[in-house]
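J.: Before I ask anything, let me first share the structure, which is written out below as structure tokens.
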Amino acid sequence: MDGLSEASGMFEPAEAVLDIPINGLMSVDAITTTEDASIGAIADLMATRRIHRVIVVREKELVGIISVMDILRSLRDQETGVDTSKTCA
């Protein structure tokens, strides 16, 4: 066995987290944007707020989530000329 598996109590905290109600873990001050925001503005928001995802809304209704990975894929696709937006989740 490796060192992590042999560590006494290593996995006990993770198991305890499974019993915590979701309202004890969720963010209540969600950062949102609208569909017309630019990628640059969202990237700046993510860097400034040190977040990895931003909720996209239309008239207060959830329409999507943009992540750092989505932005990186978009930049890569622009650089390579390959559109992977339909093949990557």
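J.: Given a Förster distance of 41 Å, report the FRET efficiency between Val28 and Leu75 from their Cβ-Cβ distance, rounded to the nearest 0.05.
T.: On the way: r = 31 Å, r/R0 = 0.76.
E(calc), rounded to 0.05, equals 0.85.
J.: Please state the shape class of segment 44-84: rounded when a/c is under 1.5, otherwise prolate if a/b exceeds b/c and oblate if not, all from the C-alpha gyration tensor. Present the calculation step by step, with values, prior to reporting the outcome.
T.: Values: a/c = 3.34, a/b = 1.52, b/c = 2.20.
Here segment 44-84 falls in the oblate category.
J.: Determine the percent antiparallel among the DSSP beta bridges restricted to segment 9-80, to the nearest 5.
T.: Values: 6 of 9 bridges.
Of the beta bridges lying entirely in segment 9-80, close to 65 percent run antiparallel.
Every read-out reported here was derived from the displayed coordinates using simple, explicitly stated rules and does not represent laboratory data. Just so it is clear, the model here is predicted, and its values are computed rather than measured. FYI the Cβ positions are ideal-geometry reconstructions off the backbone, even for glycines, and counts take in every protein chain you see.
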